[in-house]
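Here is the structure we will look at, set down as C-alpha cells.
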Amino acid sequence: MTALGYNFGYLDENTKRMIRRALLKAVAIPGHQVPFGAREMPLPYGWGTGGIAVTASVIGADDRLKVIDQGADDTTNAVSIRRFFAKVAGVETTERTGEATIIQTRHRIPEIALREGQVLVYQVPMPEPLFRLEPRVSETKRMHALADYGLMHVKLYEDIARHGHVAISYNYPVLVGGRYLMSPSPIPAFDNPKMDRMPALQLFGAGREKRIYAVPPYTSVRSLDFEDHPFRPVRADAPCALCGSRESYLDEVVVDDRGGRMFVCSDTDYCSTRQATREAAE
Amino acid sequence: MTALLEATGLSLRFGTVPALDDVSLEVFPGEVVAIVGESGSGKTTLLRVLSGMMRPEAGAVRYRDPEGSVHVVHEMGEAAMRRLHRTDWGFVHQNPRDGLRMRVSAGGNIGERLMAVGARHYGSIRAEAAEWLRRVEIDPARIDGMPALFSGGMQQRLQIARTLVTRPRLVFMDEPTGGLDVSVQARLLDMIRALVADLGLAVVIVTHDIAAARLLAHRLLVMRQGQVVEQGLTDRVLDDPQHEYTQLLVASVLAA
Amino acid sequence: MAYVAVKGGERAIEAAHAWLAEERRGDPVLPELSLAQIEAQLGLAVDRVMAEGACHDRGLAALAIKQARGDLIEAAFLLRAYRTTLPRFGASLPVETDAMRIRRRISATYKELPGGQVLGPTFDYTHRLLDFALAAEGGVPEPAPEAPADEAPMPRVTALLAQEGLMAPELPSEAEPRDLTREPLNFPAERPLRLQALARGDEGFLLSLGYSTQRGYGNAHPFVGEIRMGAVTVEFEPPELGFPIELGEVTVTECQMVNQFAGSKTEPPQFTRGYGLVFGQGERKAMAMALVDRALRAEELGEPVEAPAQDQEFVLYHCDNVEATGFVEHLKLPHYVDFQSELEKIRLLRREADGE
C-alpha cells in the first residue's frame, strides 16, 4: 500500500494479473488485439488509460519510468501521468530515454534506438486499423481472423489514384509478423520503421476500446505499400534550430504572425542531449 | 466427379413452405445453366444454396477445385469459403450495389479482388483494371470515377469486370439484367455471352427472362414450388416443353 | 532569434487546479453547500449520478456533484473511478421489484387495475411556470396529505397480460450473467449484458434513441404497461452462511413497456416487453431504456434491423458517457506531432500538384 491508500501501481493485484495474462497472450500472437476488462482509471478515457493500465501492470519498484507525449517529457499530459505513477507506485522517474526501463508514450517513438530489456508502452486511442473502412467490430474481427485485408489495400490504391501518394501521414497501418494488420497508434509514419525488429518490447493499451496488443522484440513490422509505390515517411525538410539534427522528427514552431516559423526536435531529450554534447565540445 | 459443381437431393423449407424439394443439379466446365421460374419458385434460394451462402436442410453440394480435389461446400470453413469466392468462383448480384463498393473508384473495385489474392504492384493492378473496363465496354478514362455516377448498365458491367478479373471458373448470376431497360439488357446479354465464350466460364444463372435464358444457356432447369419440373438442353425445353407449367411459361413469353 | 521550448507544464497544472478549487467554492461570502443539502435538495441529480456512475451511494454521489461543480457527467466519472477500486465481495441476489414498497405506480394501458394508480412525487401535471416564491427562499412547504396505506397487492400489468397468454414470457435462466465491468463487450451481446450497459448509459443518449424509435426509426408501438418507483430490499447470501441477509434498501425506478409483436414462424402474435430499471427516481431514463431495450430485441424477434436504436454495436458502444466524454475531450490534448505530419503531407501533395 502507498500512502494514498491505493495498491502499488493503483490497480489491485487481481486486475494486474488479468492484464498481464492479456499481455502474455498479446505477446504470443504479435499484432493481434486481445480484449481485456479495462477498468475505469482516475484519468479520462482517451487520455492514456490503456497505456496507464499496461504500465501499472508491468511496473515494479525497481523500474525507472519515462513518460512522453508528442515526444516531450514536459507536455501537460505527460507530466500528469508521470506524477500519477510517482504518487501511486513511488517509482523513480527520468527524462532520459537511455536510463528508462519503461517508457510510456503518446504519439512518438524516441529518436535513439531502444535496447533489449526496455519496454515501450503506447497509449492507443483506437486500436482497430480498419475502423474507418468498416466500423463494425464484429466484422473487423472476422477480417482479422481470415487475414482478409484486401480492403486496406483498396484504401491505399484509392489514395495513390487520387493523390499520387498514400495520403496517410500518421497512424499508418502495419503488418506485424507477416500476419496481423495493426494500428501503430497515432505516431507519425516517420516513426514506423523504428518498430521493425526493435530490440525492446512494445506494448499497446487501448482503455476505452478495451484492447491490448503487442510486438515482441525483433518482430518484423512492415508498413503497407505497393512494390512500385514504396512506403515513404516524411519529415520537415529542415535541420533542428536548436541542435541541428537532420535525422530527427521536427515540430514546427510559429514564431510570429507574419509567417515566420522554425523547426525544432519533437524529442526533447534527444535534442537537449545533442545540445549539451555540442556545448561541451565548444 | 468430372462436373465442376454437383448438387444432390437439396431440400429446404421456410416454415411450412418448401423452398427446395429434392433438387439435384450438375454443372460442367464451360457450361451455362439457366434456372427459370416465377418469383417464389425457389430459384434464387437454389442459387444461394449452391454458392454456399445458405445452408440446405438435406442434400449436399460438391465442388471440384482446379487441382481436382472435391470439397463439400457447406463443410468448408469460412476462410476457405471466402477465398473460393474471390478466386475460383464469382457472384454477380441483381443489384450492382450489392456487389460493388459504391464509395470506391471503378479501378479500386476491380483491383480489390486482385489485391485480396496478393497483387501488390500498383501499376499492374491499374493496367489490369483498365483492360477489364475496356472489355466490359466502359471507357478506361473513367477508371477513377465513382460507380455511384455510373448508369445502371455501367454499374452492372463494372460488377461483372470486378467478378471476372481473377479468372474464376464458375460464376453465379442472380438476375443480372433485372431492373435494366430493355435496350440495355440486350447489350449486356451480348456482352455476357461473348465473355463466357472467350473465357470458357461455367455459369449458373437465375432468371425469369426466358429470352435471356435462350440466348445464354446451354441447359435449362424449370422450377416451380421448390421442385425442378423439367430440365434439358435449352432449345429442346423451349421448343418442345413437356411439362404443362413449362408450356405455360413459354406460351406467356410468346404472347407478350 | 532565440527560442526556448515551452517548459513549466507542472507548475501550470498546479496553478490551474488551484484556480479550479477557487471557482468551485465560488464567492466565500456565501455559505458553502453541504453534502446533506445536495443529497436532500438536489436528489434527482444525486440519483442520476448514482445511475450513470453505477454505484449506489447517495453521500458519495453528493460529494462527486460538489467536487464536479454540478457537472453531472464529471460526477458520474468520479464515482465510477472510485467504484472500480472497491473490493468485490460478491453479487447481491436479484432485487424483487414485485415486493417494492411503492411510492409511485402508474399504468397507461388500464384505467383501473388492482392496487390502483399512485402518482407519487411527480412533475407530471405541474405547470412549468417558474416559481418566484422559491427564489425568495420559500421556506418549508405544508406537509402533503397522506392517504392510509392500501394493503392491496399491486400485480404487474405485464403479469395480467401473461395470464391471458398475451405476453411473451421471458425465458428464465440460472446462468451467471456476464459482468460488463469486468469483461469487455462482445457481440452479439446477450440481453443481460445489454441491460447492464443501458442501465449505466447516458440518459440523454438513451432518451434521443428511444425518441427516434417513436418517430419511425425502429417501428415501435409502445405502451407504458407500468412504471413503478419505490424501495426494494437488497439481499446478499454469503457462501459461508448459506442463507441471505438483508443489506438494506435502495430506491429504484422500473418501467415495463408493452409492445406489439406480429408473430413469427414459431411465435403467435403477442405483446413483448421492453424493460428499464435505474437507481433512484429516474423515470425518464427508465422509460427510454425500456424503449431501447425493446428496439435491441429486433434481431431475436426476427424483425429487420434497420434503425440506429436496433443496432447493438451502435447503441452499446456509444451509450457510456464516461467513455464518450473522455474520447471527445481527448481531442484537446496536444496532437501537434500528427498535425505536423499532415502539414508536411499536404505541402508535398500541393507541391506536386503545382508541378504538374
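The values are calculated or read from the model by the stated rules, or taken from the named source; none is laboratory data. Treat the numbers as computed from the prediction; the structure is a model and nothing was measured. Because the Cβ atoms are built from the backbone with ideal geometry, glycine has one as well, and the counts that use them run over all protein chains shown. These area figures cover heavy atoms from the full protein model, side chains too; ligands, DNA and RNA do not enter into them. Shrake-Rupley method; radii C 1.70, N 1.55, O 1.52, S 1.80 Å.
What number of residues within the range C:257-274 satisfy the criterion of being open to solvent by 40 Å² or more (accessible area, probe 1.4 Å) and without any contact (Cβ under 8 Å) to a residue 12 or more places away in the chain? Of the residues in that region, 4 qualify. Only one of the numbered conditions (1) touching a strand residue (DSSP E or B) at 6+ places or on another chain (Cβ under 8 Å); (2) assigned to a loop (DSSP other than H, G, I, E, B) is violated by residue C:86, and that is (1).
Set side by side, the residues A:226, A:263, A:190 differ, and just one is touching a Cys at 6+ places or on another chain (Cβ under 8 Å), at negative phi, buried (at least 20 other Cβ atoms within 10 Å of the Cβ) and within 14 Å of another protein chain (Cβ to nearest Cβ), which is A:263.
Within the range C:309-347, the residues that satisfy the criterion of being more than 7 Å from chain A (Cβ to nearest Cβ), open to solvent by less than 50 Å² (accessible area, probe 1.4 Å) and in a loop (DSSP other than H, G, I, E, B) are C:311, C:319, C:320. Scanning the range A:160-173 for residues that are more than 8 Å from chain B (Cβ to nearest Cβ) and either surrounded by fewer than 16 Cβ atoms within 10 Å (Cβ to Cβ) or touching a Lys or Arg at 6+ places or on another chain (Cβ under 6 Å) (or both) yields A:163, A:164, A:169. For the range B:153-168, residues that are basic (Lys, Arg) and without any contact (Cβ under 8 Å) to a residue 60 or more places away in the chain total 2.
Counting only helices (runs of 4 or more DSSP H) wholly contained in the range A:8-110, the ones carrying 1 or more residues that are within 13 Å of another protein chain (Cβ to nearest Cβ) and within 22 Å of residue C:338 (Cα to Cα) occupy A:49-58, A:76-88.
A Cβ distance below 9 Å, combined with a sequence gap of six or more or placement on separate chains, defines the contacts here; from the range B:46-57, residues that are under 14 Å from residue B:203 (Cα atoms) reach residues that are part of a helix (DSSP H, G or I) and open to solvent by 10 Å² or more (accessible area, probe 1.4 Å) in the pairs B:51/B:85. Tallying residues that are outside any helix (DSSP H, G or I) and in contact with a strand residue (DSSP E or B) (Cβ under 7 Å, 6 or more places away or on another chain) within the range B:195-224 yields 15. Number of residues in the range C:182-227 that are open to solvent by less than 20 Å² (accessible area, probe 1.4 Å) and of a type in the set (A, V, I, L, M, F, W, C): the value is 7.
Rundown of residues vs (1) open to solvent by 30 Å² or more (accessible area, probe 1.4 Å); (2) over 29 Å from residue A:248 (Cα atoms); (3) touching a residue at least 12 places away in the same chain (Cβ under 8 Å), yes/no style:
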site	(1), (2), (3)
A:54	no, no, yes
A:78	no, no, yes
A:87	yes, yes, yes
A:90	yes, yes, yes
A:98	yes, no, yes
A:101	yes, no, yes
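When each of C:195, C:277, C:209 is tested for being touching a Cys at 6+ places or on another chain (Cβ under 9 Å), in contact (Cβ under 8 Å) with a residue 60 or more places away in the chain and outside any strand (DSSP E or B), the lone residue that passes is C:209.
Regarding residue A:176, is this residue more than 15 Å from residue A:105 (Cα to Cα) and away from chain C (no Cβ under 14 Å)? It is true that residue A:176 is more than 15 Å from residue A:105 (Cα to Cα) and away from chain C (no Cβ under 14 Å). For the range A:24-37, a tally of residues being open to solvent by 10 Å² or more (accessible area, probe 1.4 Å) and in contact with a helix residue (DSSP H, G or I) (Cβ under 8 Å, 6 or more places away or on another chain) returns 3. Per the conditions (1) within 21 Å of residue C:336 (Cβ to Cβ); (2) polar (S, T, N, Q); (3) open to solvent by less than 10 Å² (accessible area, probe 1.4 Å), the sole criterion not satisfied by residue A:202 is (1).
Note on the range B:72-120: residues that are within 9 Å of chain A (Cβ to nearest Cβ), surrounded by 15 or more Cβ atoms within 10 Å (Cβ to Cβ) and either among the aliphatic types (A, V, I, L, M) or over 15 Å from the mean Cα position of the chain (by Cα) (or both) amount to 16.
Out of everything in the range B:177-192 that is of a type outside the set (S, T, N, Q) and more than 15 Å from residue B:205 (Cα to Cα), what residue ends up being surrounded by the most Cβ atoms within 10 Å (Cβ to Cβ)? Outline the logic, then answer.
Residues of the range B:177-192 that are of a type outside the set (S, T, N, Q), as a first pass: B:178-182, B:184, B:186-192.
Now restrict to residues that are more than 15 Å from residue B:205 (Cα to Cα): B:179-182, B:184, B:186-187.
Values: B:179: 13, B:180: 21, B:181: 12, B:182: 7, B:184: 17, B:186: 15, B:187: 15.
Looking at the filtered set, the residue picked out is B:180.
Just one of (1) assigned to a helix (DSSP H, G or I); (2) exposed (fewer than 15 other Cβ atoms within 10 Å of the Cβ) fails for residue C:241. It is (1).
Quick check: anything in the range A:236-250 more than 9 Å from chain C (Cβ to nearest Cβ) and modelled with pLDDT under 85?
Among the residues of the range A:236-250, not one is more than 9 Å from chain C (Cβ to nearest Cβ) and modelled with pLDDT under 85, which makes the answer no.
The residues in the range B:25-58 that are among the hydroxyl-bearing types (Ser, Thr, Tyr), open to solvent by 10 Å² or more (accessible area, probe 1.4 Å) and out of contact with any Leu (no Cβ under 7 Å at 6 or more places or on another chain) can be counted, and the count is 2.
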